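Here the structure comes first, spelled out in C-alpha cells, and everything after it is commentary.
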Amino acid sequence: MLVATIQGSLQQVKKGIQKGGKGADALEFRLDLMEKIDRLTLSKLMKKISLPVIFTLRRKNQGGAFKGNER
C-alpha cells in the first residue's frame, strides 16, 4: 500500500508519516503541496524513514499545485 503525504508543513508531514505510515509499503511525498523544504532538512527526514519514498510534483490538471517547469 502506498500512502501519500499531502500535508503542507514539515511538522504535518512528520505527523502524517507517523500516523499513515503504519502498515504502508511505501510513501509518496507530494512536493507540489509542501511548504518550501531545503535539501538538508529533507535528507535528515529521509534518514528516519525505512520505507521506499516516491517524490511527485503534480500539475493543476492532475489535482496538484505545481506551476514550475518540469525540467
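Within region 50-64, track down each residue that is over 16 Å from Ile17 (Cβ atoms) and within 13 Å of the chain's Cα centre (by Cα).
Start the filter on region 50-64 by keeping residues that are over 16 Å from Ile17 (Cβ atoms), which leaves 57-64.
Correct list: Leu57, Arg58, Gly64.
What number of residues within region 26-63 are β-branched (Val, Ile, Thr) and under 18 Å from Leu2 (Cα atoms)? Don't jump to the end; show me each part of the working.
At the first step, the residues of region 26-63 found to be β-branched (Val, Ile, Thr) are 37, 41, 49, 53-54, 56.
Retained after the next criterion (residues that are under 18 Å from Leu2 (Cα atoms)): 49, 53-54, 56.
Adding up the residues that qualify gives 4.
Read the figures in this text as sums done on the coordinates, not as results from a lab. Worth saying up front: this structure is predicted, and the values here are computed from it rather than measured. Don't worry about glycine lacking a Cβ; one is built from the backbone with ideal geometry, like all the others, and counts go over all protein chains shown.
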